[in-house]
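Visitor: Provided herewith is a single structure, encoded as structure tokens, for subsequent inquiry.
The values are calculated or read from the model by the stated rules, or taken from the named source; none is laboratory data. Bear in mind that the values here come from a model prediction, so they are computed numbers and not experimental data. Cβ placement follows ideal geometry from the backbone for every residue including glycine, while neighbour counts extend to all protein chains displayed. Areas reflect the complete protein model, heavy atoms only, side chains present, ligands, DNA and RNA absent. Shrake-Rupley method; radii C 1.70, N 1.55, O 1.52, S 1.80 Å.
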Amino acid sequence: MKLSEIKKIIKKIIKEKTGEDFKIEIEEPRAKNISADLSFPAFEILKKYKNKLEIIIKELKGTGFFEKIETVLGFVNLKLKNEILINSLGLIYRDVSEYFRGEKKNKRVLVEYISANPTGPLNVANARAGVIGDLLVESFNISGFDVDSEYYYNDCGKQIELLGISLRERVKEIKGEEFKIPEEGYYGEYLKNIAREYVERRYNVLSFIVENYKDYALKKIVEMQKKSLKNFGTEFKNYIYESEIRKSTLIREVLKKLENYTYKKEGAIYFKSTEFGDDKDRVLMKSDGEYTYFLVDIAYHLHKIKRGYDYLINLWGPDHHGYIPRMKGALRALGFDKFEVLIVQQVNLRRGKERVRMSKRKGEIYSLDDLIKEVGKDAARFFLLLRAPSTPLDFDLELAKKMSQENPLYYVQYAHARCNQIEEFAKKKGFNMEIPENIKFDPKEIEIIKKIYLIQDIYEKISEKFVTHLLPFKLINLVSVFHSFYQSERVVDENNAENTLRRLFIVRCLKNLLKFMLGSMKIKAPEKM
RNA sequence: GCCCCCGUAGCUCAAUUGGAUAGAGCAUCGGAUUUCUAAUCCGGUGGUUGCAGGUUCGAGUCCUGCCGGGGGCGCCA
């Protein structure tokens with residue numbers, strides 16, 4: 001019996017007996033010294049239906065899932081039967097992904113993230129959005145949604161013009177001509193490299209047209225970004241270009257559909273976003289007839305809607321928070337309200353006490369590639385997940401590099417390596433892996449199995465509440481129980497085959513679980529450390 | 001001026017979104033290795049949750065005001 005099913009049944013019983021759908025979280029008890037596995041507050045139920053709680057508890061007892069049910073200070077505390085816990089192991093042994101899999105939802109979800117301007121290398125904030133987005137996609141997938149990931153390229157506009165000009169000037173530089181990169185242009189080293197390549201390939205024949213430079217730079221930078229992301233373990237299902245949206249009829253369609261919510265003022269067309277809670281109305285078409293970024297963005301989202309998604313999820317940087325009300329408003333005006341924005345806050349880089357300073361003007365940024373090179377892909381991904389998405393994150397490069405007890409990634413990976421080494425050792429001693437006959441587990445073993453069981457609905461929780469940071473935390477918590485067990489108990493014991501086989505079975509289940517969970521973060525599970 | 005995020009142990013952060021006696025890791029102090037990996041384990045010290053009110057059975061969490069740190073305000077993208 002899966003954890004999510006048990007929770008569902010508890011909720012169903014409460015609803016049946018009270019006739020009301022209480023919003024109740026069934027969770028591990030937060031307080032210490034409580035031996036229950038699951039718990040829910042019953043204050044509201046007691047207040048409204050004082051005599052019904054007894055009936056609910058009686059019904060819960062009837063399910064046969066629980067060894068003990070008691071009400072303490074208004075909480076209903078439930079202790080699961082050991083056999084419920086133990087029975088779940090078989091599935092982990094055979095197929096971990098099945099263990100975590102939620103029931104099919106028949107809902108399509110689109111998660112759009114990173115979507116950085118294709119004008120330079122990706123930075124650490126992009127990396128953070130990347131790992132969070134990846135884990136969300138993974139969680140939706142595991143939880144039974146049909147999910148796609150998407151990256152949107154703003155390949156039009158002023159920034160891109162400046163990119164083209166900057167490249168043109170760099171090419172001049174290489175040819176020994178006089179050059180000047182505009183104030184707002186791009187100064188990074190990467191453009192010099194692109195310029196060098198450009199000259200070598202003799203693109204310089206007719207190259208007074210900015211267009212050529214622009215297209216070339218764009219192509220190269222998109223390639224560069226994709227390569228960085230691939231090294232980081234992030235790949236997208238869809239890549240959408242702003243230029244495609246502009247070429248389509250979507251923009252005119254948006255203007256038509258929003259007709260009832262727009263007005264003309266001083267030659268510009270405004271969208272009445274104030275009607276949707278924004279603090280002022282926003283321009284869709286400028287007085288010179290140009291589309292605003294906002295209008296094109298609405299068109300892009302209409303494109304998403306037309307592709308048949310039920311839920312749209314966007315990860316944006318903190319500089320876009322003011323943009324949320326108008327975008328939500330526009331989509332509501334188009335008749336779509338399953339649109340969520342998760343703000344991924346900034347990353348502050350440090351080396352010990354010292355802050356890593358960056359200057360965009362000089363083209364000095366600490367890039368995703370730098371990060372991968374300095375601390376490694378796995379440590380980077382783990383650390384970037386360790387904080388709630390919408391809180392600022394301090395990233396200490398020294399700490400992430402350090403191979404010590406301070407580094408929680410190694411703590412988790414070490415547990416996996418340990419499981420593997422135990423199995424290797426057992427093999428040498430002639431033990432074969434099998435499902436044990438004797439399923440009388442001792443209390444210390446049950447403790448591990450319980451942790452394994454209670455972590456089961458983690459991906460569902462992440463997909464519901466976007467709490468990606470819970471995964472590393474839960475992992476650390478799970479693994480600490482195992483490390484403690486390892487210290488006091490032996491797994492492989494030549495004089496006690498029964499114990500050995502039973503414990504080897506747990507070790508294998510844990511190993512499968514750790515590998516799967518690390519994999520869901522695209523982090524390696526080493527066999528040996 | 002308006003908006004967003006943050007303020008919790010010496011440090012970095014949790015607290016299941018309003019639940020039980022606010023928890024971890026690091027640092028620090030003490031202890032564990034003839035043993036499947038010590039990148040580990042066991043124990044101690046450490047708190048007026050920035051301040052002041054309010055809401056209620058119950059507040060770190062919600063509301064109001066203030067203090068401090070960071071970010072954002074465009075017919076830019």
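Visitor: Select from the stretch A:157-175 the residues that are more than 10 Å from A:ALA217 (Cα to Cα) and away from RNA strand B (no atom under 16 Å from the Cβ) and list them in ascending order.
Guide: Correct list: A:GLU169, A:ARG170, A:VAL171, A:LYS172, A:GLU173, A:ILE174, A:LYS175.
Visitor: Follow-up. Say whether the condition of being within 13 Å of RNA strand B (Cβ to nearest atom) and assigned to a strand (DSSP E or B) is met by at least one residue in the stretch A:288-308.
Guide: Scanning the stretch A:288-308 turns up at least one residue that is within 13 Å of RNA strand B (Cβ to nearest atom) and assigned to a strand (DSSP E or B).
Visitor: OK, next. Looking only at the stretch A:263-281, count every residue that is of a type in the set (Val, Ile, Thr) and buried (at least 18 other Cβ atoms within 10 Å of the Cβ) and tell me the total.
Guide: Total meeting the criteria: 1.
Visitor: Just name the residue that is most open to solvent (accessible area, probe 1.4 Å) out of those in the stretch A:308-330 that are charged (D, E, K, R) and either touching a helix residue (DSSP H, G or I) at 6+ places or on another chain (Cβ under 6 Å) or touching a residue at least 24 places away in the same chain (Cβ under 8 Å) (or both). Talk me through it step by step, then tell me what you get.
Guide: In the first step, residues of the stretch A:308-330 are kept if they are charged (D, E, K, R); the result is A:310, A:319, A:326, A:328.
Subset that is either touching a helix residue (DSSP H, G or I) at 6+ places or on another chain (Cβ under 6 Å) or touching a residue at least 24 places away in the same chain (Cβ under 8 Å) (or both): A:310, A:326, A:328.
On the way: A:ASP310: 54, A:ARG326: 44, A:LYS328: 73 Å².
Looking at residues that are charged (D, E, K, R) and either touching a helix residue (DSSP H, G or I) at 6+ places or on another chain (Cβ under 6 Å) or touching a residue at least 24 places away in the same chain (Cβ under 8 Å) (or both), I get A:LYS328.
Visitor: With respect to A:PHE43, is the statement that it is within 9 Å of RNA strand B (Cβ to nearest atom), out of contact with any Lys or Arg (no Cβ under 9 Å at 6 or more places or on another chain) and touching a residue at least 12 places away in the same chain (Cβ under 8 Å) true? I'd like the intermediate steps shown before the answer.
Guide: Details: within 9 Å of RNA strand B (Cβ to nearest atom): yes; out of contact with any Lys or Arg (no Cβ under 9 Å at 6 or more places or on another chain): yes; touching a residue at least 12 places away in the same chain (Cβ under 8 Å): yes.
Answer is yes for this residue.
Visitor: Further, regarding this structure: Within the stretch A:271-287, how many residues are more than 8 Å from RNA strand B (Cβ to nearest atom), within 28 Å of A:PRO389 (Cα to Cα) and of a type in the set (Asp, Glu)?
Guide: Total satisfying the criteria: 1.
Visitor: Report yes if some residue within the stretch A:80-100 is aromatic (Phe, Trp, Tyr) and within 13 Å of RNA strand B (Cβ to nearest atom); otherwise report no. Can you show your working first?
Guide: Step one: list which residues in the stretch A:80-100 are aromatic (Phe, Trp, Tyr), which gives A:93, A:99-100.
Filter again for within 13 Å of RNA strand B (Cβ to nearest atom), leaving none.
No.
Visitor: From the set of residues in the stretch A:437-466 that are outside any helix (DSSP H, G or I) and modelled with pLDDT of 90 or more, which is farthest from RNA strand B (Cβ to nearest atom)?
Guide: Of all residues in the stretch A:437-466, those outside any helix (DSSP H, G or I) come to A:437-442, A:455-457, A:466.
Subsequent filtering for residues that are modelled with pLDDT of 90 or more retains A:441-442, A:455-457, A:466.
Details: A:PHE441: 16, A:ASP442: 14, A:ILE455: 11, A:GLN456: 13, A:ASP457: 10, A:PHE466: 7 Å.
The qualifying residue farthest from RNA strand B (Cβ to nearest atom) is A:PHE441.
Visitor: Within the stretch A:382-398, track down each residue that is hydrophobic (A, V, I, L, M, F, W, C) and more than 8 Å from RNA strand B (Cβ to nearest atom).
Guide: Kept after step one, since they are hydrophobic (A, V, I, L, M, F, W, C), are these residues of the stretch A:382-398: A:382-386, A:388, A:393, A:395, A:397.
Hits for the stretch A:382-398 are A:PHE382, A:PHE383, A:LEU384, A:LEU385, A:PHE395, A:LEU397.
Visitor: Let me ask something else. Looking at (1) open to solvent by less than 70 Å² (accessible area, probe 1.4 Å); (2) within 12 Å of RNA strand B (Cβ to nearest atom), which one does A:ILE14 not meet, given that it meets all the others?
Guide: (2)
Visitor: Now a separate question. May I ask you to list the residues in the stretch A:30-63 that are part of a loop (DSSP other than H, G, I, E, B) and open to solvent by 30 Å² or more (accessible area, probe 1.4 Å)? Step through it out loud before you land on a result.
Guide: To start, the set of residues in the stretch A:30-63 that are part of a loop (DSSP other than H, G, I, E, B) comprises A:30-37, A:42, A:49-51, A:63.
The answer is A:ARG30, A:ALA31, A:LYS32, A:ASN33, A:ILE34, A:SER35, A:TYR49, A:LYS50, A:ASN51, A:THR63.
Visitor: Further question: Mind checking whether some residue in the stretch A:340-352 is among the small types (Gly, Ala, Ser), within 27 Å of A:THR468 (Cα to Cα) and surrounded by 17 or more Cβ atoms within 10 Å (Cβ to Cβ)? Steps first, please.
Guide: Pass one, the stretch A:340-352, residues among the small types (Gly, Ala, Ser): A:352.
Remaining after also requiring within 27 Å of A:THR468 (Cα to Cα): A:352.
From what's left, surrounded by 17 or more Cβ atoms within 10 Å (Cβ to Cβ): none.
Looking through the stretch A:340-352, none of the residues is among the small types (Gly, Ala, Ser), within 27 Å of A:THR468 (Cα to Cα) and surrounded by 17 or more Cβ atoms within 10 Å (Cβ to Cβ).
Visitor: Restricting attention to the stretch A:269-293, which residues are within 14 Å of A:ALA333 (Cα to Cα) and among the β-branched types (Val, Ile, Thr)?
Guide: A:THR274
Visitor: A:VAL341 is checked against (1) in contact (Cβ under 8 Å) with a residue 40 or more places away in the chain; (2) within 24 Å of A:TYR261 (Cβ to Cβ) and fails just one. What number does that condition carry?
Guide: Unmet for A:VAL341, out of (1) in contact (Cβ under 8 Å) with a residue 40 or more places away in the chain; (2) within 24 Å of A:TYR261 (Cβ to Cβ): (1).
Visitor: In the list A:SER166, A:SER149, A:SER248, which residue meets the criterion of being open to solvent by less than 60 Å² (accessible area, probe 1.4 Å) and closer than 30 Å to A:GLY519 by Cα? Before you say what the answer is, go through the steps one by one.
Guide: Values: A:SER166 fails: closer than 30 Å to A:GLY519 by Cα; A:SER248 fails: closer than 30 Å to A:GLY519 by Cα.
Going through A:SER166, A:SER149, A:SER248 in turn, just one is open to solvent by less than 60 Å² (accessible area, probe 1.4 Å) and closer than 30 Å to A:GLY519 by Cα: A:SER149.
Visitor: I've got another one for you. Filter the stretch A:473-500 down to residues that are more than 7 Å from RNA strand B (Cβ to nearest atom) and more than 30 Å from A:LEU386 (Cα to Cα) and give me whichever is most open to solvent (accessible area, probe 1.4 Å).
Guide: Looking at residues that are more than 7 Å from RNA strand B (Cβ to nearest atom) and more than 30 Å from A:LEU386 (Cα to Cα), I get A:ASN495.
Visitor: Give the number of residues within the stretch A:134-156 that are in contact with a Leu (Cβ under 7 Å, 6 or more places away or on another chain) and assigned to a helix (DSSP H, G or I).
Guide: 1
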